[in-house]
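Trainee: Pasting a structure here, questions to come.
The values are calculated or read from the model by the stated rules, or taken from the named source; none is laboratory data. Everything quoted here is computed from the prediction, not taken from an experiment. Cβ sites come from the backbone with ideal geometry, for glycine too, and all protein chains shown count toward neighbours.
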Amino acid sequence: MKTKIIQINSQRPDLKKIELAAKVIQKGGLVVFPTETVYGLGANVFNQPAVKKIFQVKKRPLDNPVIVHLASIKDLEKVAQKISFQSLKLAKKFWPGPLTLIFKKKKNIPSEVSGGLETVAVRVPKHKVALALIKKAKVPLAAPSANLAGRPSPTKVEHVIEDLEGKVEMILKAGPTKIGLESTVLDLSDKKPVILRPGGTSREKIEKEIGPVSIYQVTKKIKRVKSPGLKYRHYAPKAKLILIIGSLSKIVKKIQTMVRRYKKAGILASQETKKFYPSKLVLVVGARKNLRTVAKNLFATLRKFDEKGVKVIIAESFPQKEIGLAIMNRLKKAATKIIKV
Ligand code: TXA
Ligand code: MG
């Protein structure tokens, strides 16, 4: 298949281009579009064959459900039922934005969307192109991240092209995505709200609205996984990734001794610590004093190590506060080994 790649302005999206993309969706095709978190791979949520294609193209396991994207909170009733007061409060506060909420699904949602579950994950993205496309297509979009399953999510159109060119009808090409990590997935169906996947909306911000929230921990003992996406290795570069956890001074010392052993290892470092490593293969992911820069560059940096042909990446860890929780979640899932110092 020839993929149409169409450059589009993030601030003032050209309506003609949006119309073209909306037509593809209405005909049952797939369109990659930018959001504020990562690029998404969209299909008409009510079109079962189109949704099935998403799974084929991504090589995504069928039991891993996808997120439904709305243009506005007003459309929530089209896909969800039994909407609680608490979730409505959060939706009103954080939408459009990087928070995905889990609801009981409406019957008309194909089971592929929900990976066979009775629930559906929903969000309103904060990106003019995404919103214009959903509005014009006149249907909510089922859209996972636009990468091959298991790979780091695409934060730049080059990543999408690398993974999906020739497999989808259209790619809307805009600049790099602002946040760089996916939305926070929050489940409000139990007594205590649970973050199934930390992301762009911090736990601290959510707790300000609704009080204590717990973080879902996958342990090997749990057989039934609450969010099926949690059980697979994720966000992974081709290289092995060794994550070093501990106080910063110990992390630096450990990496300094490790590079003597792994001479060709790449080091994922921060602006503040770069100077401690003599290796040529140091990539700076961002600044510790502003963790949002780390979030924004993380996936692109992992892909960059692969481009350089690095076989082993030794990665520093980051404080787990605010967006740092999501950063560490992705690094742990990408890691083949974690060393505590
Ligand atoms: O920021 C984002 O969320 C991006 C952009 C494109 O919106 N999308 C994204 O989708 O990251 P995806 O498919 O890569 O991740 C969806 C996550 C998975 O961990 C999946 O298991 C979980 O949401 N999920 C989806 N539906 C669910 C459900 N009904 N119950 C529990 N978890 C669900
Ligand atoms: Mg994904």
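Trainee: Report, by residue number, each residue of segment 148-159 that is within 11 Å of ligand 1 (Cβ to nearest atom) and closer than 13 Å to THR35 by Cβ.
Mentor: Residues satisfying the conditions are SER153, PRO154, THR155.
Trainee: Do the conditions hold for GLY29, that is, is it closer than 18 Å to LYS138 by Cβ, modelled with pLDDT of 95 or more and either touching a Phe, Trp or Tyr at 6+ places or on another chain (Cβ under 6 Å) or more than 16 Å from ligand 2 (Cβ to nearest atom) (or both)?
Mentor: Judged against the criteria, GLY29 is a match.
Trainee: Of all residues in segment 175-187 being more than 16 Å from ligand 2 (Cβ to nearest atom) and of a type in the set (D, E, K, R), which is surrounded by the fewest Cβ atoms within 10 Å (Cβ to Cβ)?
Mentor: Among those that are more than 16 Å from ligand 2 (Cβ to nearest atom) and of a type in the set (D, E, K, R), it is LYS178.
Trainee: Scan segment 300-333 for residues that are among the charged types (D, E, K, R) and under 15 Å from the mean Cα position of the chain (by Cα) and jot them down.
Mentor: ARG303, ARG330, LYS332, LYS333
Trainee: Sticking with this structure for a sec: Tell me, which residue of segment 272-315 that is touching a Ser or Thr at 6+ places or on another chain (Cβ under 6 Å) and part of a strand (DSSP E or B) is surrounded by the fewest Cβ atoms within 10 Å (Cβ to Cβ)?
Mentor: The extreme case among them is ALA287.
Trainee: Restricting attention to segment 137-146, and to residues there that are away from ligand 2 (no atom under 16 Å from the Cβ) and in a loop (DSSP other than H, G, I, E, B), which single residue is farthest from VAL79 (Cα to Cα)?
Mentor: LYS138
Trainee: Being surrounded by 16 or more Cβ atoms within 10 Å (Cβ to Cβ) and either in contact with a Leu (Cβ under 6 Å, 6 or more places away or on another chain) or free of Cβ contacts under 8 Å to residues at least 24 places away in the same chain (or both) is the filter here; which residues of segment 244-267 pass it?
Mentor: Listed by number, the list holds a single entry, GLY266.
Trainee: Just to be sure, is THR35 within 16 Å of ligand 2 (Cβ to nearest atom), of a type in the set (S, T, N, Q) and either at pLDDT 95 or above or in contact with a helix residue (DSSP H, G or I) (Cβ under 9 Å, 6 or more places away or on another chain) (or both)?
Mentor: yes
Trainee: Among the residues of segment 151-187, write down those that are charged (D, E, K, R), part of a helix (DSSP H, G or I) and touching a Pro at 6+ places or on another chain (Cβ under 9 Å).
Mentor: Once the filter is applied, which keeps residues that are charged (D, E, K, R), part of a helix (DSSP H, G or I) and touching a Pro at 6+ places or on another chain (Cβ under 9 Å), segment 151-187 yields GLU162, ASP163.
Trainee: How about segment 87-136: which of its residues are in a helix (DSSP H, G or I), over 25 Å from LYS191 (Cβ atoms) and either more than 16 Å from ligand 2 (Cβ to nearest atom) or without any contact (Cβ under 8 Å) to a residue 24 or more places away in the chain (or both)?
Mentor: Matches in segment 87-136: LYS128, VAL129, LEU131, ALA132, LEU133, ILE134, LYS135, LYS136.
Matching residues to (1) among the hydrophobic types (A, V, I, L, M, F, W, C); (2) near ligand 1 (Cβ under 8 Å from one of its atoms):
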| position | (1), (2) |
| --- | --- |
| LEU76 | yes, no |
| ALA91 | yes, no |
| PRO96 | no, no |
| SER114 | no, yes |
| VAL122 | yes, no |
| HIS127 | no, no |
| ALA132 | yes, no |
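Trainee: Kindly establish whether PRO65 is in contact (Cβ under 8 Å) with a residue 60 or more places away in the chain, crowded, with 17+ Cβ neighbours inside 10 Å and more than 12 Å from ligand 1 (Cβ to nearest atom).
Mentor: No, not satisfied.
Trainee: With the structure loaded, tell me whether GLY29 is assigned to a loop (DSSP other than H, G, I, E, B) and at positive phi or whether it fails that test.
Mentor: no
Trainee: Next question. Output the residue which, of all residues in segment 188-216 that are part of a helix (DSSP H, G or I) and closer than 20 Å to ILE83 by Cα, is nearest to ligand 2 (Cβ to nearest atom).
Mentor: ILE206
Trainee: Residue under question is THR100, and the condition is that it be surrounded by fewer than 20 Cβ atoms within 10 Å (Cβ to Cβ), near ligand 1 (Cβ under 8 Å from one of its atoms) and not hydrophobic (A, V, I, L, M, F, W, C); does it hold?
Mentor: When the stated conditions are applied, THR100 does not pass them.
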